[in-house]
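A short write-up of the structure that comes next.
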């Protein structure tokens, strides 16, 4: 039996005059993420249809679609003409391979030219099933729900619905630059930003030889994983060693983390503008570490005039971990490879830093030259494909 994938739109259906734009972006994202499959794609204001040439790949494609933002749900269905005899024959054909004791029928008649109302057709199909199978009707808690969608372009019949990722299609809200570390929080922040329709690129700060190749590969793998939800992510690697060593040599130990974060924000701001990103995204969670107290974030933010998006700022650690496990980043994030935020860590970092003291410490060295050097030597990794990260670590 030939199967078609039917996509039901998510939050984008709340849009009115912009709906066409949102659907067009969603279609483009689907084509990009399914570029390795032979598919055809049709859509209108209400539904989208994906036909997979290789029918053995239908479930695999449906699983890929479940990670694309802007989709409420996905169903693998059978399409027939909107003729009663054809619909009944297909229902019997589908059900012969399914074991069930109780069922109900849900009919949606979008095509009002079909002569039988939705409620009446529930009874027609219900009677057909009762006549041909040993089962009972249970409208409250059935083992099987038979969905019949009667539309102008045909009738779609299915029994299972796959939950989509919801949100907005990636790209409808412009571009953001994610400060990606090897920890648990920032990949989750990237995922949540993607869900709101932001096209994300990642910025990673490395400090060889103080940080290892394994630490870098860990971040590449994390970028690959969240790229499964986008398909457009590039990883931009900042050579941060000279700045970190200069901070260690010329700044007070308790202020090292605060000043390091200020330097990161300076670099992120300049680089975001260079690549056309409109916001900076990070995984800061209020109060989690010394640099994430309200007073610390205020002093650190002083160096940038760009909007900062903190998707996990009001979540506790267990909530963040739950999302990390759901999206597949957790096991990679907990691998024991140190990033530049954990090296040169002072015993007692300041939790209520003073801006004047930061400015005094930063005046002791020509950090501006090092910042420009960092930006001019950023490495861009663009071949982020899911299959490429399996053997990194």
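The numbers here are math on the coordinates, done by the rules we state, and not lab data. Here the structure is a predicted model, which is why all the values come from computation and not from measurement. Positions of Cβ are generated from backbone atoms using ideal geometry, with glycine treated the same way; all protein chains shown enter the neighbour counts.
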Most packed first (mean Cβ within 10 Å per residue), the peptides 220-231, 66-77, 372-383, 22-33 order as 220-231, 66-77, 22-33, 372-383
Multiply the residue gap between residue 331 and residue 132 by 0.36 nm, knock off their C-alpha separation, and tell me the result in nm, one decimal place.
66.8 nm
Hey, rough spin-label estimate for residue 18 and residue 97, points 7 angstrom out along Cα→Cβ, what's it come to in nanometres?
4.3
Could you state the angle between the C-alpha long axis of helix 213-227 and the longest principal axis of the C-alpha atoms of the chain, as a value from 0 to 90 degrees rounded to the nearest 10?
30
Mind pulling the angle between the C-alpha long axis of helix 241-250 and the longest principal axis of the chain? Nearest 10 degrees, somewhere in 0 to 90.
40
For the chain, what log10 I(q)/I(0) values come out of the Debye formula at q = 0.06, 0.15 1/Å, with one point per alpha carbon and no solvent?
-0.33, -1.26
With the convex hull built on the alpha-carbon atoms of the stretch 275-337, volume per residue in Å³ sits at 133
Given a Förster radius of 30 Å and the C-beta distance between residue 120 and residue 42 as r, what FRET efficiency does 1/(1 + (r/R0)^6) yield to the nearest 0.05?
0.55
Taking every DSSP beta bridge that has both residues in the stretch 175-388, what percent is antiparallel when rounded to the nearest 5?
15
Which three extents, in angstrom, do the Cα atoms of the stretch 40-95 have along their principal axes, listed largest first?
37, 28, 19
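At 0.36 nm per residue, minus the direct Cα-Cα distance, what do residue 250 and residue 379 gain on full extension? Give it in nm, one decimal, please. Mind dumping the intermediate values first?
Numbers: separation 129, 0.36 × 129 = 46.44 nm, distance 2.70 nm.
Taking 0.36 nm per residue and subtracting the Cα distance, the gain is 43.7 nm.
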What do you get for the angle between helix 84-95 and the principal long axis of the chain? Use alpha-carbon atoms, 0 to 90 degrees, nearest ten.
60
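Can you give the FRET efficiency for residue 213 and residue 274, using 1/(1 + (r/R0)^6), R0 = 25 Å, r = Cβ-Cβ distance, to the nearest 0.05? Spell out each step's value before the answer.
Details: r = 27 Å, r/R0 = 1.06.
Here the calculated transfer efficiency is 0.40.
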If each residue's Cβ is checked for other Cβ atoms within 10 Å, how do 263, 48 rank with the fewest at the top?
48, 263
Rank by packing, highest mean first: peptides 84-96, 232-244, with packing defined as the count of other Cβ atoms within 10 Å averaged across residues.
232-244, 84-96
Rank-order 199-210, 249-260 by packing density, defined as the average count of other C-beta atoms within 10 Å over each peptide's residues, highest first.
199-210, 249-260
Quick one: Cα centre-to-centre distance for the stretch 215-230 and the stretch 58-110, in angstrom?
34
Going fewest to most other Cβ atoms within 10 Å around each Cβ, 179, 297, 264 line up as 297, 179, 264
